[in-house]
Each structure stands twice: as structure tokens, then as C-alpha cells.
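Please read the structure below before turning to the comments.
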Amino acid sequence: MIRVFSSADVLFIVMAVRWTLILSAIAFAGGALGGMAIALARTSQRKALRQFAAGFIQVFQGTPLLMQLFLVYFGLAVVGLPINPLLAAAVALTLHASAYLGEIWRGSIEAVPSGQTEAATALSLGYADRMRHVILPQAMRVATAPTVGFLVQLIKGTSLASIIGFTELTRAGQIVNNATFKPFLVFGTVAILYFALCWPLSLLARRMETRMRRAITR
Amino acid sequence: MSEHAIIMRGVNKYYGAFHALVDIDLTVERGERIVICGPSGSGKSTLIRTINQLETIQAGTITVDGVELTAGGENVAKVRQDVGMVFQNFNLFPHMTVLENCILAPMKTRKIPRAEAEATARKFLERVRIPEQAGKYPAQLSGGQQQRVAIARALCMKPRIMLFDEPTSALDPEMVKEVLDTMIDLAREGMTMLCVTHEMDFARAVADRVIFMDKGVIVEENAPAAFFDSPRNERLQNFLGQIA
């Protein structure tokens, strides 16, 4: 039975946007925590920490996000947890975001001139105070634009969660298309919704970049 | 309180295979003002950077104010509180105002309340003659002003010893004097100072002792008059001939 593509279908797709947003928010929040830990480990004095962080980044940047989703999804069953698409997608995307944000933030931390660390050290500030008050505030200015840029990637990346059966925006489109068989119309609608989410963020990232360039050349 | 400000015994420092400091023995008395000069790469900056352990050493001992520096220990933090440092490139924190630059370390490491830290900071900014710049950011100041802020920031920790690592080398010529005058004031107040600098007039005016280093070795040390007027070592004679 093929039914027509109705306003109810459009509403169904639009409502699925919230799951895309929820998944993106969870992954971004988790990725921010994980990414900060990875970035600090990557720039640490301790070799073991640096190596662990480097390995973590290599693994998650060197494998497809889809494989990471599969491994976490089926891995949950292997360790005896019930299969839960939202949990699996959230965990996989968090790990993925941790690796990428960790690498972005490592670069930002290393972009702060070493004289800043030296001056803070000479003033007897310990590691935590140095990071919190001297290094990270400066690294943040470098990091904001690429971080927002990565957030756009992450939102688009959540579409892969459709493959493990999590009903976010893309999966909602597939469901509607299976019933209506209007792929161009359906996925066109889906694409426009992704664009509406991502475009403002891309603009914001570009604006931040320009502003930062101006701040540096001041 | 120990009677010597700094005692270095048999200090050796390597960067890989490069021998940066060779058997350094140096004793600095309280209130003594020492100028260290020498060709670039001679180890003079490295020498003063070992005193607050910005550089670690591979052999020898360094005792600062009776506290022996041992790698990574609590002693290091204690010594750093008592030893102020001024860098060639100022290294002010660009995202903080002048006042915030000055109060950060006293509040965090000496646990001084903000109001008191600010009062101290304003007093030292007055002393380096830039009290009106307290609310500005480093980028809004000239190089000479930034370096004076850096001196004030170090003084806010109430150090007993001040290290200067080529403090005027990055400055435009017309700003050198204002920084040197600030340092001369400090010397007159009896601060123990070690200055790496090529400002020989400054050395003549304030130094109790001038040290010449070459290839990681202290080659000659003497009172300024003898150091400049009758240098014994040939390398020092050449060096003085070049910079005169």
C-alpha cells in the first residue's frame, strides 16, 4: 500500500528533528568532557598519558563512524546489556566527538606560546591554575571556530544512527519514504531540515574565525 | 634565613649531547647585584633559568635562600614564590588586564585576598610609574610599559631574588632607558638581582659583580671596574671589543 505524502508525514519528519538535536547535544556534551580529558592527556608531561591519548585519537579518526556505531551497538549485547539504539548511538558519537575535539583542542593548547607557561610557572602557579587561568582561556579563543565547525559535522554524523534503527531525522525520512515512495520529496525535506540546523552554525563559525583573525592582527 | 641568597655547586646541564652548563660554581650574597654577559649560546640564560627550575639540571646542587632545589619537590614551588623572573618577551598574560596580571599569582599561590592583592599591585604599578595603566590590556601598552608591568607583576609576589633574562633586548632603543631606570631603582632598594644583559652602562652603574660566560663555563668574574678596564681572559677581551 502506497499512500500520499501528506502534511502528517512532514510533521512526523519535523518532530524527528528533536531526536537529532538530543543525540547531537548528548554527543557534544560528552565529547566536550572526553575531548578536554584527551587534550590535556595529549599535552601532558607524562609520556604514558600522551601515548594513550594519541592511540585513542588514532583509533577513532582512523575508523569509519559507522563501524564505531556497529561495534558499540553489538558490543552492548556482548557485555550482556539490552540492545538500545539511543544508548549505543550516544556512546559511539561521544567517543567519536572526544577524539576529534581532543585533537582540535590539543592544537589550540599548543598554539599558546610557551612563554605563557614559563611565566606562569615562574610565578609559582601549579598545573591546574596555569591551565585554568592562563593557558585554556587563550586556547579557547583559537578553538571556538573549529569547535563549532566540528559541531556541524557531528549533527550530520548523527544521521548514521538511523542504520542501527534509532529514529532520528534520517530514519524518520526512511520510514515515510517506505510508505509513500516519494524519495526525492521525502529526502529533500530531510536535507532541508539538516541544512536549517547546520547553516546558521557554519555562519557562526565563519564569523568567529574572522573575528579571531582580527583580534590576532590587532 | 640562610646567609647566602643562592649557592650553585658543580652544576651541569645537557640538552641531549650539548653541554649547556659546565661545572658551574656560583655563590650570590644577599642584596648582591650580578650582571651576566657573554655571546649568544653561552648558557647565561640557561644559568638563571635553573635557579627557579624552568630548566632542570643533571648534576650538582642549587640552594636558594637555604632551600635546596630537588626536581619536582615542594621545594621548587617554595623557591619559585621567592624568586621573581622577568623575560625578554615580557610574557604578560594577554587576556588579562594589567591589574589582573599582577594579582593572579599572589591570590592563587600566596592565598592573598583580592582587595589586598590589588592594593599591593597598585603600589608596585606606582613604583614602576604606570599606575594609570592598571585597567588596560597588555596589547594596548608600549614594549617598555609592558616590561615594567612584568617587573611589577614579579614584585607583587614579594620575591627576595629577581632574575632578569635580557629584559631590554626586545625593546625599541628609546624604551630601554625606562626599563633600566626601573631596574636601577630596584637595585638601590637592596633587591638581590641576577641580570643577563648586554647593557654595559647598567652593569657599570649597579653591578657588584660582572660574570662572563662562554660555552657553558664561567670564564671570568670581577667587580665592574676591573672587569671592563682590565679583563684577563682573551675571550672576554674580544667580547668587550665587539660590543663596545
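Kindly write out, for the stretch A:193-201 in residue order, the coupling ³J(HN,Hα) from the Karplus curve 6.51 cos²θ - 1.76 cosθ + 1.60 (θ = phi - 60°), rounded to whole Hz, with x marking Gly and Pro.
Ordered by residue, 3J(HN,Hα) equals 5, 4, 4, 5, 6, 8, 4, x, 5 Hz.
Specify the residue with the greatest mean-square fluctuation among A:LEU86, A:LEU65, A:LEU185, computed from a Gaussian network of chain A linking alpha-carbon atoms under 10 Å apart.
A:LEU185
Pull up all non-local amide H partners of B:MET193: gap of 5 or more, or a different chain, and H-to-H distance under 5 Å with H placed in the peptide plane.
Placed amide hydrogens put B:GLU32, B:ARG33, B:ILE34, B:MET162 under 5 Å from B:MET193.
If you look for lysine pairs in the protein assembly as shown that are eight or more places apart or on different chains, how many of them have Cα atoms under 16 Å apart?
Taking the Cα cut-off of 16 Å, the pair count is 9.
Mind putting a number on the dipole of the protein assembly as shown about its Cα centre? Charges go on the C-beta only, +1 for Lys and Arg and -1 for Asp and Glu, and I need it in Debye to the nearest 20.
Approximately 1920 debye in magnitude.
Mind checking the alpha-carbon convex hull of the stretch A:7-216 and giving the volume per residue in Å³?
For the stretch A:7-216, the hull spanned by Cα atoms encloses 135 Å³ per residue.
Taking the Cβ-Cβ separation of B:ALA77 and A:GLN58 as r and a Förster radius of 51 Å, what is the calculated FRET efficiency to the nearest 0.05?
Using R0 = 51 Å, I get an efficiency of 0.90.
If you count, for every residue in B:103-109, the Cβ atoms of partner chains within 10 Å of its Cβ, what is the mean?
5
Any number yet on Rg/Rh for the stretch A:69-181, C-alpha, Kirkwood?
Rg/Rh: 1.20.
Under 20 Å from a point placed 7 Å out from the Cα of A:ALA77 along the Cα-to-Cβ direction: which residues of the stretch A:168-195 have their backbone N that close?
A:168
Which residue, B:ALA225, B:ALA17, B:ALA150, tops the fluctuation ranking in a GNM of chain B built on C-alpha contacts under 10 Å?
Fluctuation is largest for B:ALA17.
Positive end of the charge dipole of chain B (Lys, Arg +1 and Asp, Glu -1 on Cβ, about the Cα centre): tell me which of B:HIS95, B:GLY31, B:GLN147 has its Cα farthest that way.
With unit charges placed on the Cβ atoms, the residue in question is B:HIS95.
Would you mind computing, in nm to one decimal, how far apart the modelled labels at B:ALA139 and B:ALA223 are, each placed 7 Å from Cα along Cα→Cβ?
About 5.0 nm separates the two model spin labels.
Each value in this text was obtained by applying a stated rule to the coordinates, not by laboratory testing. On a predicted model such as this, the values are computed, not experimentally measured, just so you know. Cβ: placed from backbone, ideal geometry, glycine included. Neighbour counts: every protein chain shown.
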